[in-house]
Structure formats: structure tokens, C-alpha cells
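K.L.:
Let me begin by handing over the structure; questions about it come next.
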Amino acid sequence: MALAWWQWGRYESASGTGQNLGYALQWPAFAIAVVYAYRRFVVMEADPDAERTDEPTEIPAGVLPERPTSADPSVSAILDAAPDDDMAAYNRYLAELDKHPTHD
């Protein structure tokens with residue numbers, strides 16, 4: 001909280017900026033997060049099996065995007081694309097370099 005007070009004082013000074021105001025608000029948020037985490041760990045340590053389950057939880061339908069299939073036109077266009085001549089030449093070049101490594 002002392003850091004928040006210091007940043008607030010800097011914000012109110014002639015050379016203060018919005019960044020100082022942001023830090024003045026951010027330090028109490030950090031303090032709250034640390035107190036919450038500490039309390040949470042203490043509660044979990046007191047009864048470690050209270051919230052743990054051995055069964056996996058199921059993700060509700062519609063939360064995650066559907067995986068594309070090969071029937072999807074955008075996927076089939078990528079799969080059916082002809083190899084790029086420049087890319088093939090570059091890959092041949094890399095293969096040749098791999099056959100004859102240079103040592104400094």
C-alpha cells in the first residue's frame with residue numbers, strides 16, 4: 001500500500017502522468033490478489049481433498065470451436081494445393097547444405 005501511496009503522490013505532482021495513476025491503482029490490486037491467493041492456499045491446505053475430484057469434467061458442447069475436417073473446403077484447398085516450385089528449390093538447397101556441412 002506504501003507503493004500505491006507513493007505513486008499517488010507522484011501522480012499529483014507537477015511531473016506526474018497517467019502512468020503514475022495506473023500504478024497507484026495497480027498496487028492495491030496486487031495486494032488484494034496476494035491476500036486472496038494466501039487465503040485460498042491456507043483453505044486448500046486445511047482440507048486438500050475438499051475440492052478435488054478424480055473424475056474429469058466434461059466441456060459443454062458449443063464452448064470450443066469445431067475442428068476442421070478434410071470435407072471443409074478451406075482445408076481441402078490447402079491439402080490439394082500444388083507444391084510451390086520456389087519452396088521445393090529451397091528445400092533442395094537445404095538438403096544439399098545438410099549433405100556438405102561447412103566447419104569454421
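K.L.:
Check ALA31, ALA77, ALA95 and return the single one that is of a type in the set (A, V, I, L, M, F, W, C), surrounded by fewer than 10 Cβ atoms within 10 Å (Cβ to Cβ), part of a helix (DSSP H, G or I) and modelled with pLDDT of 85 or more.
P.N.:
Just a single option satisfies the conditions, and that option is ALA95.
K.L.:
Quick one: which residue in VAL63, VAL42 is in a loop (DSSP other than H, G, I, E, B), at pLDDT 85 or above and under 30 Å from the mean Cα position of the chain (by Cα)?
P.N.:
VAL63
The values are calculated or read from the model by the stated rules, or taken from the named source; none is laboratory data. If you're wondering where the values come from, they're calculated on a predicted model, not measured in any experiment. We place every Cβ from the backbone using ideal geometry, glycine too, and count neighbours over all the protein chains shown.
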